[in-house]
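Before any comments, here is the structure.
The values are calculated or read from the model by the stated rules, or taken from the named source; none is laboratory data. Note that the structure is predicted; figures quoted are calculated from it, not measured. For neighbour counting, all protein chains shown are included, and Cβ atoms are generated from backbone atoms with ideal geometry for every residue, glycine included. For accessibility, only protein heavy atoms count, side chains too; no ligands or nucleic acids. Shrake-Rupley method; radii C 1.70, N 1.55, O 1.52, S 1.80 Å.
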Amino acid sequence: MNDQYHLETLAVRAGTLTTAFGENSEAMFLNSSFRFENAAQAAARFGGTEPGNIYSRFTNPTVTMFQDKLAALEGAEQCVATSSGMSAILACVMGLCSAGDHVVASRSIFGTTVQLFTNILKRWGLDVTLVSLTDAAEWKAAVKPNTKLFFAETPSNPLTEVGDIAELATIAHAAGAYLVVDNCFCTPALQQPLKLGADIIIHSATKYIDGQGRVLGGAVLGSMAIMEPVYGFLRTAGVTMSAFNAWVFIKGLETLQVRMEAHAARALALAQWLEQQPGIDRVYYPGLPSHPQYDLAQKQQRLGGGIVSFEVKPRAGQTQKEAAWAVIDATRLISITANLGDVKSTITHPATTTHSRVSPEARAASGIKDNLVRIAVGLEHIEDLKADLQLLTQQ
Ligand SMILES: *Cc1c(COP(=O)(O)O)cnc(C)c1O
């Protein structure tokens, strides 16, 4: 079905399994194990000679439906669903790397991903080099004989920097490494990294795939061969997505395209408005011509996405942090919370929340200033969002 239909159709129709009851909406299988006809069938299922469900740590029909739907949208052969976005990244690295292997990652990836690489996985012998997302020469120079993965996130969080997926894939492949792209900000509705040359996609389904801030989940996608050890890690280590969460994500995927278009339309309008306000130093949004990688973003993603960041101009006597906090504290509608991808707009101060565990030096190196504010634009009316940011209309 995957080559025949458009993305919206696949989002609604792909991956669906129907029981003998003929339900028209996907069923939720809240059971931990599956019965076999006899001992021989049990042996065949465990031995992998007969396909079928065994135990929900690694086989569950609701989770399978989610995996197959997301794989269809990303154009991937296989998807492995996980308990969170972080466990997707963990499963990817644990499945594909060993102690002594080397990973090149962009400095501007999700703050917790930096922690996972440089604190936890480093203790287990993973060698990690952090480079600039947008400087291909740094990626090339960082390559070592033991480089296994390139890890990038585009657009990045919170500065919405855009990396050239096709170019990074070429460098990774010349080094004998796989390119991993965290596609959380765009989702397949706006960007399909495998079609641009990436080998592996990571998702935090918690964000736009759910879309309504309800449950946590993640996914790793790629070819059968690449996913085999990733699935092997999940089967053994149990970083499993629950059937309930998979069911929520299936429903989320059905409306992903229309939601992403609505998020992006509001985010673009808000970014354009913010650029005109006297209380602003700088706005970061890939859909603005002022964005440093605007041309690349136009080529690589369908729309600018739903995340807008901006630097607040401090008033006399205000520190950068105080200026940012004043804007956040003056809001009445927008939720002060670190999540993103929700229908409810959210506002956050990266330097003291999502990126607070990154050292001040590393934060400065990745360009996250103390006056930076990030908004994940929801689906409220744009005029109500502007009214909630009135503080920025004053000098
Ligand atoms: C949130 C996020 C993650 C981690 O996902 P969780 O579901 O919170 O574990 C990874 N990458 C990006 C870009 C994210 O925004």
Taking 325, 247 and ranking on accessible area (1.4 Å, protein atoms only), highest first, one gets 325, 247
log10 I(q)/I(0) for segment 128-257, Debye formula on C-alpha points only (no solvent), q = 0.10, 0.11, 0.15 Å⁻¹, two decimals, reads -0.35, -0.43, -0.78
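When all alpha-carbon pairs of the chain are counted, what percent fall beyond 40 Å? Don't jump to the answer; show the numbers that get you there.
Values: 12712 of 77815 pairs.
It works out to 16 percent of all Cα pairs.
Hey, any idea what the orientation-averaged projected area of the convex hull of segment 1-87's Cα atoms comes to, in nm²? Let's see the in-between values first.
Details: hull surface 28.8 nm².
Computed as one quarter of the Cα hull surface, the answer is 7.2 nm².
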DSSP beta bridges in the chain: the antiparallel percent, rounded to 5, is 55
To the nearest 20 debye, segment 7-254 has a Cα-centred charge dipole, built from +1 on Lys and Arg Cβ and -1 on Asp and Glu Cβ, of 580
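Please report the antiparallel percentage of the DSSP beta bridges confined to segment 88-182, to the nearest 5. Walk me through the numbers on the way to the answer.
Numbers: 0 of 14 bridges.
Antiparallel bridges make up about 0 percent of those DSSP assigns within segment 88-182.
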Candidates 42, 11, 152; GNM for the chain (alpha-carbon contacts under 10 Å) flags as most fluctuating 42
Counting only DSSP beta bridges fully inside segment 258-393, the antiparallel percentage to nearest 5 is 85
Given Cβ charges of +1 for Lys and Arg and -1 for Asp and Glu, the option among 233, 92, 177 whose Cα lies farthest towards the positive end of the dipole of segment 7-254 is 233
Too long for a 22 Å Cα-Cα cut-off, among 251/299; 122/321; 122/207; 69/195; 140/207; 207/251, are 251/299; 122/321; 122/207; 140/207
Reported to the nearest 10 Å², residue 214 has, with a 1.4 Å probe, an accessible area equal to 120
On the formula 1/(1 + (r/R0)^6), with r taken between the Cβ atoms of residue 295 and residue 38 and R0 of 41 Å, the FRET efficiency rounded to 0.05 is 0.05
For residue 262 and residue 343, extending 7 Å from Cα along the Cα-Cβ vector and measuring point to point gives, in nm, a value of 0.7
Distance in Å, no decimals, from the C-alpha centre of segment 347-395 to the one of segment 125-169 is 24
In Å², rounded to a whole number, the accessible area per residue of the chain with probe 1.4 Å is 42
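How much length would be gained if the chain were fully extended between residue 119 and residue 276, taking 0.36 nm per residue of separation minus their Cα-Cα distance, in nm to one decimal? Present the calculation step by step, with values, prior to reporting the outcome.
Details: separation 157, 0.36 × 157 = 56.52 nm, distance 4.10 nm.
Extra length from residue 119 to residue 276 when fully extended: 52.4 nm.
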Once the in-chain neighbours fewer than 8 apart are removed, the aspartates and glutamates whose Cα is under 17 Å from residue 369 read 161, 281, 311, 322, 361
Counting only protein heavy atoms and leaving out ligands, DNA and RNA, the solvent-accessible surface of residue 120 at a 1.4 Å probe, in Å² to the nearest 10, equals 80
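What fraction, in whole percent, of alpha-carbon pairs in segment 189-316 exceed 26 Å separation? Kindly include the intermediate steps, with their values, before the conclusion.
Details: 3130 of 8128 pairs.
Value for segment 189-316: 39 percent of Cα pairs lie more than 26 Å apart.
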Straight-line reach check, residue 148, cutoff 20 Å on alpha carbons, 8 or more apart in-chain or any other chain, hits among aspartates and glutamates -> 101, 127, 135, 138, 164, 167, 182, 199, 228
Out of 198, 262, 326, a Gaussian network model of the chain with alpha-carbon springs under 10 Å gives the largest mean-square fluctuation to 326
Computed over all unlike Cα pairs, the Kirkwood hydrodynamic radius of segment 258-393 in Å stands at 15.1
